There are 2 protein chains.
Amino acid sequence: MQDKILDFLKKKNEYVSGEEISQHLGISRQALWKHIQDLRDTGYDIVAVPHLGYRLIMCPDRLLPYELTHGLETKIIGRKIYYFERVSSTMDVAMQLGNQNVPEGTLVVAESQTKGRGRLGRSWTSPKYKGIYLSLILKPDILPACAPVLTLMAAVSICEGISRISGIEPQIKWPNDILIHNKKVGGILTELEAELDAISFVIIGIGLNVNNESNELPREATSLKEAKKNLSARQENINRIELLKEILRKIEDNYLILLKKSSSPILEKWRSYNITLGRRVEVVCHRQHFGGEAMDIDTDGGLLVRRDSGIIEKFMAGDIVHIR
Amino acid sequence: MQDKILDFLKKKNEYVSGEEISQHLGISRQALWKHIQDLRDTGYDIVAVPHLGYRLIMCPDRLLPYELTHGLETKIIGRKIYYFERVSSTMDVAMQLGNQNVPEGTLVVAESQTKGRGRLGRSWTSPKYKGIYLSLILKPDILPACAPVLTLMAAVSICEGISRISGIEPQIKWPNDILIHNKKVGGILTELEAELDAISFVIIGIGLNVNNESNELPREATSLKEAKKNLSARQENINRIELLKEILRKIEDNYLILLKKSSSPILEKWRSYNITLGRRVEVVCHRQHFGGEAMDIDTDGGLLVRRDSGIIEKFMAGDIVHIR
């Protein structure tokens, strides 16, 4: 019902009498008043003026399911959303939901995380209302060995979303870092539950620094707001709702391409954003170090590295150090 | 306390007065009586004779934690056991336990399963007290891509356990079938929860037909009891407790070899039990069919198949049809 009231107020975009809203939605004036109060508590700025009625002045800067699904127009991604003001980790919630057999595309989004996770148990700082912290449940009919391509697909989608909404062109460092001017702005964590030859479900976790100020960030990190400030000296916040919606749309587009065709269109886009290929790198994989030149990515998402011996090795996962 | 009473009765192996037991364990005669009743309800045959006391006549044919841990002498495997008379699937329980961070080696064992699972959502018939149905939680520090070796390790351990306890020499069909005279007697289901470059936990599920009669089995299956009947015309049940304990010991031995050294000693044993290598096979992997000759297994557990074109392809998972 609150969604319907918001829809109505948004469509009118002027004062509407309580009587008109009540009649339109078939609820009592008292019930309407209660819903308006609840919406105000959620952060919606709704004024009530005698003889004029209600008017929606401002929507809150919250990644609320209503705001995210409004005009999202996806078929799979984000059709079902679990929203939390504060959660230990969206990954933990998504893992539980995955085991409860929720539909593909189910999204877990949080305004803050107390134990936000990065790869290999590292932490992800998740201050309230500053970033985008989400976990997305996918059920692709692919072999577990092909799962790394999903990380690349997510990276491409995030870059496309950022570029579209903010005008900033981010870069990808293999396999899962989103950078702006060599500073980390986002990361992707892919976890899966699988048999040896069939994926039960994959969880793609995304952490993105959006409106963090420079003093709220580690030295090696940045946020979209900071990057934009450097670009235009403007201090505006980025609209997290529009950004997240655009990223979800891009994920749906790229995911469907991946399932229908093959990984090559995704890999092509990935190459255009990446800053790893062609460089001398050190790969740290499973506590071992391997030096060489990053040649290309393989169709399964693996990084092909030419060792000094001339042999080309493929890495499916690991940390990369770019060497000058 | 019931474990201690059983220990005491087993050690004495004759009539012991209630007073002696009570004093030894520091409990009242009433408390002892209550525990004895509970043990009888569980299936222990304990007689009570006036002026003589209690005597343990027979232990039940149940895979009870007390019976399994008694003399098991492993360090990791089966140190913590969850026992169920009846469960939907030990895999489901183990998956929940895995997410609750139970120690490595935790075992879930059931006397029957209502929804016993095989690979790719197939069912595993699990009649009560007839077979061994278990799921084992492991946390190996290996890459997810190496997980298939764990299936081979489990297959070898099951064969060694069966051979030691029953004298029957089983065979392995790649990747996860245990056969006797080309009939299926057991299967292994490996599931994992992982990041792309680190395993959170692996669950190894084992289903084994032990004392099923031929009319309780599908045509293409057999049980250890049936196989033994063919061997010696004897109708004895196999001791499931001793068999399971021996399999757990073998799993611990082989798992430690795998972690400390490499996969080669395990692969060597696997080759000696296998009936797939050297044969013409059809591999059905992800709904595609591939014909060729099964050449060998790779260090990561993959099956190397020489296609008719002469190219050797590696399969990490799939169904095998042996072609005559």
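Every read-out reported here was derived from the displayed coordinates using simple, explicitly stated rules and does not represent laboratory data. None of these values were measured; they are calculated from a predicted model. With ideal geometry, Cβ positions are generated from the backbone for all residues, glycine too; neighbour counts draw on all protein chains shown.
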Kindly state, as a whole number, the per residue volume in cubic angstrom of the convex hull around the alpha carbon atoms of the stretch B:280-323. 62 Å³
Show me, for the stretch B:190-196, the HN-Hα J-couplings you get by feeding each phi into the Karplus relation (A = 6.51, B = -1.76, C = 1.60, θ = phi - 60°), rounded to Hz, glycine and proline as x. 10, 10, 9, 10, 8, 7, 5
Taking the label point as lying 7 angstrom from Cα along the Cα-to-Cβ axis, what are the distances from A:Ile312 to the corresponding position in the remaining copies, in ascending order and in nanometres? 2.0
For the pair B:Arg287 and B:Met58, how long in nm is the line joining their label points, each one 7 Å along Cα→Cβ? 5.3 nm
Within 10 Å of each residue's Cβ, count the other Cβ atoms and sort B:Tyr44, B:Tyr66 from fewest upward. B:Tyr66, B:Tyr44
Label 7 Å beyond Cα on the Cβ vector: A:His289 copy-to-copy distances, nm: 5.2
Just to be sure I follow: if Rg is taken over the C-alpha atoms of the stretch B:205-324 and Rh is the Kirkwood radius over the same atoms, what is Rg/Rh? 1.04
What a careful reader reports for the chain A Cβ nearest the rotation axis onto chain B, distance rounded to whole angstrom, is A:Glu193, 2
Residues whose built amide H sits under 5 Å from the amide H of A:Val185, excluding neighbours closer than 5 in sequence, are A:Ile178, A:Leu179, A:Ile180, A:Thr222
Sequence-separation-based contact order of chain B, relative, with Cα cut under 8 Å and 6+ spacing, percent: 14 percent
Treating every alpha carbon of the stretch B:60-115 as one equal point scatterer without solvent, the Debye formula yields log10 I(q)/I(0) values at q = 0.24 Å⁻¹ of -0.98
Out of the DSSP beta bridges found with both residues in chain A, what percent are antiparallel (nearest 5)? 90 percent
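To the nearest 20 Debye, how big is the dipole of the protein assembly as shown about its Cα centre, given +1 on the beta carbon of each Lys and Arg and -1 on that of each Asp and Glu?
Taking the Cα centre of the protein assembly as shown as origin, the dipole is about 80 debye.
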Rounded to two decimals, what is the ratio between the C-alpha radius of gyration of the protein assembly as shown and 2.2 N^0.38 Å? 1.18
Extreme residue, positive dipole direction of chain A, given options A:Leu179, A:Gly105, A:Leu64 (C-beta unit charges): A:Leu179
Over what distance in Å are the Cα centres of the stretch A:184-258 and the stretch B:77-118 separated? 37 Å
What are the label-to-label distances in nm, one decimal and shortest first, from B:Arg86 to the same spot in the other copies, with labels 7 Å along Cα to Cβ? 4.5
As a test, work out the antiparallel percent of DSSP beta bridges whose residues both lie in the protein assembly as shown, rounded to the nearest 5. 90 percent
The stretch A:129-287 - Rg (one decimal) and Dmax (whole number), Cα, Å: 15.9, 52
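By how many nm would the segment from B:Lys115 to B:Ser232 lengthen if fully extended, with 0.36 nm per residue of separation less the alpha-carbon distance?
Working: separation 117, 0.36 × 117 = 42.12 nm, distance 3.39 nm.
Roughly 38.7 nm would be gained on extension.
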Phi-derived 3J(HN,Hα) across the stretch B:258-266 with the Karplus relation (6.51, -1.76, 1.60, θ = phi - 60°), rounded Hz, x for Gly and Pro, is 4, 6, 7, 9, 7, 7, 4, x, 5
At 222 nm, what helix-only mean residue ellipticity would the protein assembly as shown give, in deg cm²/dmol to the nearest 500, using -39500 (n - 2.57) for each DSSP H run of four or more? -10000 deg cm²/dmol
Under 29 Å Cα to Cα from B:Lys10, which lysines show up? Leave out anything in the same chain fewer than 8 places away. B:Lys34, B:Lys75, B:Lys80, B:Lys128, B:Lys130, B:Lys225, B:Lys245, B:Lys250
Diffusion constant of the stretch B:105-186 at 4 °C, which comes from Stokes-Einstein with the Kirkwood Cα-pair radius and 1.567 mPa s, µm²/s: 91 µm²/s
Which value does Rg/Rh take for the stretch A:2-58 over its C-alpha atoms, Rh per Kirkwood? 0.90
Centroid-to-centroid separation of the stretch A:3-75 and the stretch A:264-316 [C-alpha atoms, Å]: 51 Å
What spacing in nm lies between the two simple spin-label points modelled at A:Ser309 and A:Trp33, each 7 Å away from Cα in the Cβ direction? 8.1 nm
Rg and Dmax of chain B over Cα atoms: what are they, in angstrom? 22.0, 83
Pair-distance profile P(r), taking every C-alpha pair of the stretch A:177-249, with 10 angstrom steps and integer %: 17, 41, 25, 12, 5, 0
With 10 angstrom as the radius, rank A:Arg29, B:Arg306 by how many other C-beta atoms surround their C-beta, starting from the fewest. A:Arg29, B:Arg306
